[in-house]
1. How far, in nm, would the chain grow between residue 28 and residue 235 when pulled straight, counting 0.36 nm per residue and subtracting the alpha carbon separation?
2. What are the lysines whose alpha-carbon lies under 20 Å from the alpha-carbon of residue 597, with same-chain residues fewer than 8 places away excluded?
3. Evaluate the distance, in nm, between pseudo-label points positioned 7 Å from the Cα of residue 316 and of residue 219 along their respective Cα→Cβ axes.
4. So how do 103-112, 628-637 stack up, highest first, on mean other-Cβ count within 10 Å?
5. Equivalent ellipsoid semi-axes for segment 381-461, as square roots of 5 times the alpha carbon gyration tensor eigenvalues: give them largest first, rounded to whole Å.
6. Considering only DSSP beta bridges with both partners in the chain, what is the antiparallel share in %, to the nearest 5?
7. So who's got an amide H within less than 5 Å of the one on residue 46, skipping anything under 5 residues away but keeping other chains? H placed 1.01 Å off N, in plane.
8. As an exercise, find the ratio Rg/Rh for segment 269-419 from alpha-carbon atoms, using the Kirkwood inverse-distance average for Rh.
Amino acid sequence: MKAVFIAEKPSVAAEFAKALKLKTTRRDGYMESENAIVTWCVGHLVTMSYPECYDEKYKKWNLRDLPFIPQGQWKYEVIPGVKKQFNIVKEILNRDDVDTIYVCTDSGREGEYIYRLVAQEAGVKGKKEKRVWIDSQTEEEILRGIKEAKDLKEYDNLSDAAYLRAKEDYLMGINFSRLLTLKYGNSITNYLKGEWKSINVGRVMTCVLGMVCNREREIRGFEKTPFYRVMAKTDIHGRKIDTEWKSQKTSKFFESPLLYKENGFKEKTTAQALIRALEENGNPLEMTIKSITMKDEKKQAPLLYNLAELQNDCSKMFKISPDETLNVVQQLYESKLVTYPRTDARVLSTAVAKEISKNISGLQYYQPCSVFAQNILKQQSYKNLTKTKYVDDKKITDHYAIIPTGQGLNGLAKQKPINQKVYMLIVRRFLSIFYPPAIYKKATLVGVMPATFSDGTTTTEHFSSNFKILAQKGYLEIAGVPSKKKATDNKTDNKSDKKTNEEKAKEELENENIINEEAELDEEFFKLLYNMPKGGKITVNEMSIKEGETTPPKRYTSGSIILAMENAGQLIEDEDLRAQIKGSGIGTSATRAEIIKKLVNIKYISLNKKTQVITPTQLGEMIFGVVHGSIKSLLNPELTASWELGLTQVAEGKITSEEYMKKLDDFIRGRFNNVI
């Protein structure tokens, strides 16, 4: 008797045949040896049937025929373009000399669905079905997956979730697209003076469109607020240092309505009045040291890459779309260079962590990072990995983080330049976790100056400045030192309009505190600062006003919207904070890039290829308006995420398919009735 190994695509099937060292004969659509047959799908071979397959009346769109929710048996059909391969696979799976089927499709919900549909339509019965679940395509991992393959029935809950995801997208897409098209399609077509178009609605797609349109409306409705900050330029041991005024209890302006936050004024005249009051007390002006505090700050390497984090970084660094990033990392995966890419996890499993030296050993031969890999092996810094934040079995569902396998390096030179860049990104992030934290030295100087106002009031006003230098690079030896802030950040000029949104946002954060960073600072300066006595005097060379204004929220980029989708619509810029947020996102790591690509293709959003910035089109905004006025809940990221969470609960066996389907049925009928 023979065993069948069925993969998702021909290239993966070839890797299985190679790992099994089968002496196969190549045939049309499969390979066969004395004891085994290796065959493949070409992605999906089977799909859900259109409504008209249930009843001809559904071919024409009518409100009276909606909502359409199949009762009883759902219908499926073979996709015409791949019918030949389906028939080949069907015949193989049902051969009398086959007793065992190893399911080797992608180890995830969608891969499970691909095989289950094939087996369903092929009428497979009486065969032993085993599920191969792997994290990379290395020979060792493939053989391990086959050896440890479990009975397919153990994945029935995952299969249920896969079927439900497809039914949910199908029902929401068909019913809400037809409903809104019939109600509002002609009005949109007439307004745009173009061809008649149907309104495309999707469970995840419409929610993402809403995020983009809502952000655009926030930007349009934003009113800039000017603010004015008082600066004292000082001289400390020959170094020009900026200090910034801040309201304290001894200040004339403590908790005053004239303040913008606690370190600026709403009106320039108020800032000018403060400067005049300060200049009343001496020439030259002096500041008295009230306190100097110092501390070391450790910064550990960030968590490993999942697909969303990698897509975000590639969007920022290489200006490529999430879809392009997924294609790149998929190619690296199929070339055995990295582990499975469609993962939400940013940590490793305990089992993988115990064997991680193998991955590091292979990277000794990756020239750009060979020195780092050798140092890690020499220091054996990988030995305590299981005790760190980078290993957590509870945070892994299907697959662990994306890491290099340490294999396949012979073929790296043949990869496209962008593939090589992304690979280096993954390698550097991986090796970083074995290096010590970066250590920054931070100091805060607080000084006071007397002020005499025109009404005779005398107060004590506070100025402060923060200092920061990188004392020990630690993991930044591998990851690279973050770029320094430009000197213009601390100068009063009219160049604020040239700053990036990131710089402007950073300026508003942390109460607009000035950080004198790197430019004129070193260890020697920190020693001088440390030895400065409390009550000592600092010369003030100039008082000035630094003008600023609030900035609108940033438009999404193709990378930042992926992160926002992962976090249920919340764009959490801070990497450490993102790691702490645990919840269900919008879509999955496998589908998010495709959703954005579809929104671009149907012209609901525009993607600037040079900047990767996303904006809604006029058509997209009109669709948003229609949905907002009719089925507003489709725009709610939290609700969309709750559907995804429900699917996860089905996969985990916490709720049944029947419970989920009832909730879906009620939702569709309820929203439909609201619109009608």
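What follows draws every value from the coordinates through simple rules; no lab data is involved. Owing to the predicted nature of the structure, the values given are computational and were not obtained by experimental measurement. Note that each Cβ is placed from the backbone with ideal geometry, even for glycine, and that neighbours are counted across all protein chains shown.
1. In short, 66.4 nm is gained.
2. Within the straight-line limit of under 20 Å, residue 597 reaches these lysines: 197, 316, 319, 609, 610.
3. 1.8 nm
4. In descending order of packing, they fall as 103-112, 628-637.
5. Semi-axes, largest first: 53, 20, 14 Å.
6. If I count the DSSP bridges inside the chain, around 80 percent turn out antiparallel.
7. Sorted by chain and number, the residues that satisfy this are 79.
8. 1.27
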